[in-house]
Amino acid sequence: MKRNYDIGLLILRIGMAGLMLTHGIPKLMSFIGGDMSVVGDPFGIGGLLTSILVIIGEVIAPILIIIGIKTRLSAVVSGITMAVAAFVIHGSDPLAKKEMALLYLIGFIAIALMGAGSVSVDKK
């Protein structure tokens, strides 16, 4: 039973974080290519800082989640990024537009609550 639980957590981690990378890597590549403002600036802190925070939430944290290092903290970081996407960036949009961010948010909340499982570097 415990083995199934840990395999389920591994699938959830790889699925959620792996798919998040498909959104983050293009932003990272644009950033590396010189576009220092790859996203908007919803909080007025500047495009550069906002872009760095989004890249952390959509690239760095998902990589750590997949590997299973600092999984809970990384899931919180990615979850916050998706909460901002759903409730700030797409706040006035219809549900269909914010649905993907909400699904990621739910997945990252689950990972943050359950941890990485034993099939991870954290082994928690």
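Tell me whether the stretch 40-60 contains one or more residues that are surrounded by 19 or more Cβ atoms within 10 Å (Cβ to Cβ), hydrophobic (A, V, I, L, M, F, W, C) and either at pLDDT below 95 or within 17 Å of Gly117 (Cβ to Cβ) (or both).
No; the residues of the stretch 40-60 include none that is surrounded by 19 or more Cβ atoms within 10 Å (Cβ to Cβ), hydrophobic (A, V, I, L, M, F, W, C) and either at pLDDT below 95 or within 17 Å of Gly117 (Cβ to Cβ) (or both).
Say we look at the stretch 1-10 and pick out the residues that are assigned to a helix (DSSP H, G or I) and of a type outside the set (Lys, Arg); which of these is nearest to Ala112 (Cα to Cα)?
Here the residue is Leu9.
The values are calculated or read from the model by the stated rules, or taken from the named source; none is laboratory data. Computed from a predicted structure; not experimentally measured. Please note: Cβ atoms are built from the backbone with ideal geometry, for glycine as well, and neighbour counts cover all protein chains shown.
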